[in-house]
Amino acid sequence: MLSGLFFPTVNAQVGVGTLTPDASAQLDVTSATKGVLVSRMTSAQRGAIASPADGLLVYDTDTKGFWYHKTGTGWTQINNATLSLPYAGNENNGGTLFSITNEGDGTSLEGVNNSITSSVSAVRGIVSSASPGGFSTGVRGINNGTGGLGIGVWGSHAGSGWGVYGVTPNGIGVYGNASANGYGVYANSNAGTGLFAASSNGIPANFAINNNANNNNVLNASTVGNGTVVNISTTGNGRGVLSSTGAGIAVHGITNNQTSAGILGNNSGAGEAVVGLTTSDIAGAVVGRNDGAGYGVRGFIATNTSGTAIAVYGQVGINSSTGRAGRFQNYNAANTTANTLEVETNGNGNPDNTQGNAASFLVDNTNSVAAAVRGEVTSTLSSFGAAGLFGVSSGTGGFAGLFHASNPAGNGPALVAIADGHGNGVTANAGIEGHGVEATADGTGNAVFAWTPSFSNGKAAQFVNYNTANTKPVLTAETHSNGNIALFKSGNPATVNVARIDANGKGFFNGGTQSSGADLAEAFDVISEVSEYEPGDILSIATTKDRTVEKSNGAYSSLVLGVYATKPGVLLTEENIDSNLSGKVPLGVVGVIPTKVCKEGGAILRGDLLVTSTIPGVAMKADPARVKPGQIIGKALQNFDDDRIGKINVFVNIK
């Protein structure tokens, strides 16, 4: 019979009712109808069992109770003792004095209090020591789960009270710590407020990072809805938000939407929406930075249509302050693709230019000597565009620059240009058909008035054409009235008229005229081509055509009229001044003219009379006995004794 009940194994274990006893059991009894008397041992012996199996049962002689083992939980005492209430116990033990494990879905420990008295507790934990150790806890909740939905301590309230309430005189009312990536304190709300902190005299909430190596955010607030992430308000005179930093950024707003704002200040009253304040000598109170292609600072008017709103407003002078209301500077010498300041308007403007301009500058002080606009360049290059003030008109109308002295009683000029160096006070250029400078006078003054002061050694005006291919006049004076085209005055200090040119082109000169030419000539047509004639030729009246000359032909000709002038001082003509005289020759009739001569009449001495020779266009010495009226060309001013034809200066005076 015994042999049928016991099944010994090779490792000295005993199985009752089974052929495969568990390796962790000395005895494995399998029966649905009988019990077993288990092993009895001390707590130390129980704890020394190697790799205990789930369900291993022993009787602990130290605790006087049964213990079973479960993977993950370890050894658990089976205790069915009942407590009588109220119950109080005192034990000095480093272990857990009271432990309840629930393998089901119910609550392991529940405290219920139905009282309506204030400050009662359903569950209360007390650390009674006046100086407990660090992180000593009156009530501690532990959740060993590794998922994202477990909660260590859960507080809820069905009414309008607090789900979790912590109070302390100087310490921490509620303390939450995340040792890894979780939340030390997690507040959630479906409709109300997830976390509410209030204080009568202290600070309702304080967030701090005490580790210098911790680069995380002190406070994270986010929303997936359309509400405000952080709503801060004050009904007193305090600050809605006060942020300070040593070397970082006190307030940093970020948005990824073009229509959103990183930071928005809104004032529904008459005050400022955003104010930046600094006492630094080098830093800005408000700094806008752009690392992309947008705006560092953008001011705009969205809804106001009164015309008095200002998108960006800079002021100086408040409380007698001094400095600049605005400054724009480009520190990058290689930045040539953009302007330091651009002002643009798409408006239609105002005809009187008082409003609707892209920019307007005003010095509103009748005693001021300041300039409304001052432009300066320190460049040593005189290239196009290096200008203190540069105006461009890129349309088909408009002005690149307009200066208006609008006060009828004012005496100041609309524009003053001064050059202290070697450059020009004003340089104007017209690229196509326009005028480099156009000046008009609506009153009785001068359209252009150029003068040099008493200490100057310069010229009041100079006109130069440097293009040898440009045959247009350097200076054109035009009148549409009967007044003078030009008037010249001289004298000091009073001046008088000394020369003028009337509307018909006639010149009047008080002191006479002087030219570099030495003769008086008149333009005449010639027989044959002009190219067959040259200066110095003796010219006679043509016999085949009216008012035409030809080279002299025959000695002692009475048809002689003059000499082809080399450089006439005065050239007379019946043609208009704009006529082309290239088909005519200047016939010199009075004055010193280089003249072709020969020795046909003998050697020529100074003072000899000259007449035509038999050589066409050449003069010779006259025999006074043969001379008749109208044959004398003039008197020789130089000797001539050459067998070839030559030229000498002759005082021409046809007689």
Ratio of Rg to Rh for the stretch 374-500, alpha carbon only, Kirkwood?
-> 0.96
Residue separation times 0.36 nm, minus the C-alpha to C-alpha distance between TYR331 and ASN497: what's the value?
-> 53.9 nm
Tell me, in nm to one decimal, what length is gained between ILE310 and SER379 on full extension, where the rule is 0.36 nm per residue of separation less the Cα-Cα distance?
-> 21.4 nm
Give me the number: length gained by fully extending ARG239 to ASN256, i.e. 0.36 nm times residue separation minus the C-alpha to C-alpha distance, one decimal in nm.
-> 3.4 nm
Gyration tensor on Cα atoms of the stretch 22-66, a ≥ b ≥ c root eigenvalues, a/c under 1.5 rounded, else prolate if a/b beats b/c, else oblate, says oblate
Evaluated at 10 °C with a viscosity of 1.306 mPa s, what Stokes-Einstein diffusion coefficient in µm²/s does the stretch 356-442 have when Rh comes from the Kirkwood expression over alpha-carbon pairs?
-> 99 µm²/s
By the mean-Cβ-within-10 Å protection proxy, highest first, 618-629, 563-574, 332-343 rank as 563-574, 618-629, 332-343
Determine ³J(HN,Hα), in whole Hz, for all residues of the stretch 516-524 in sequence, where each value follows from phi through the Karplus function 6.51 cos²θ - 1.76 cosθ + 1.60 and θ = phi - 60°; x replaces Gly and Pro.
-> 7, x, 10, 8, 10, 10, 9, 6, 10
Computed ³J(HN,Hα) along the stretch 425-434: with the Karplus parameters 6.51/-1.76/1.60, θ = phi - 60°, integer Hz and x for glycine or proline, the list is x, 9, 10, 10, 9, 10, x, 10, 10, x
Unit Cα scatterers, Debye sum, the chain: log10 I(q)/I(0) for q = 0.06, 0.08, 0.10, 0.11 Å⁻¹ | -0.75, -0.98, -1.17, -1.29
Using just the helices of the chain, give the 222 nm mean residue ellipticity in deg cm²/dmol: DSSP H runs with n ≥ 4 each add -39,500 (n - 2.57), and the total is spread over all residues, rounded to 500.
-> 0 deg cm²/dmol
Report, ordered by chain and residue number, the lysines lying within cross-link reach of LYS621, taken as a straight Cα distance under 20 Å and ignoring same-chain residues fewer than 8 apart.
-> LYS551, LYS596, LYS599, LYS635, LYS647, LYS655
Please list, in chain and number order, the residues 5+ apart from VAL58 or on another chain whose amide H is under 5 Å from its amide H, with Hs placed from the backbone.
-> TRP67
Straight distance only, please: which lysines reach the Cα of LYS459 with their own Cα at less than 24 Å, same-chain residues fewer than 8 apart left out?
-> LYS472, LYS489
So the carbon and sulfur contribution to the accessible area of the chain, 1.4 Å probe, in percent, is 49 percent
Reachable aspartates and glutamates from LYS628, criterion Cα separation under 16 angstrom, eight or more residues apart if same chain | ASP608
Listed highest first by mean packing, meaning other Cβ atoms within 10 Å per residue, what order do 99-108, 551-560 come in?
-> 551-560, 99-108
Distance in nm between pseudo-label sites at THR20 and ALA358 (7 Å out along the Cβ direction from Cα) = 9.4 nm
Karplus-derived 3J(HN,Hα), 6.51/-1.76/1.60, for each residue of the stretch 248-255, Hz, glycine and proline x | x, 10, 5, 10, 10, x, 10, 9
Can you work out the accessible area per residue across the stretch 268-394, with the rest of the protein chains kept in place, probe 1.4 Å, in square angstrom?
-> 92 Å²
Once amide H atoms are built 1.01 Å from N in the peptide plane, which residues 5 or more positions from LYS635, or in another chain, come under 5 Å H to H?
-> PHE651, ASN653
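The values are calculated or read from the model by the stated rules, or taken from the named source; none is laboratory data. Predicted model only: the values in this text are computed from it and were never measured. Every residue, glycine as well, gets a Cβ built from its backbone with ideal geometry; the counts of neighbours run over all protein chains shown. These area figures cover heavy atoms from the full protein model, side chains too; ligands, DNA and RNA do not enter into them. Shrake-Rupley method; radii C 1.70, N 1.55, O 1.52, S 1.80 Å.
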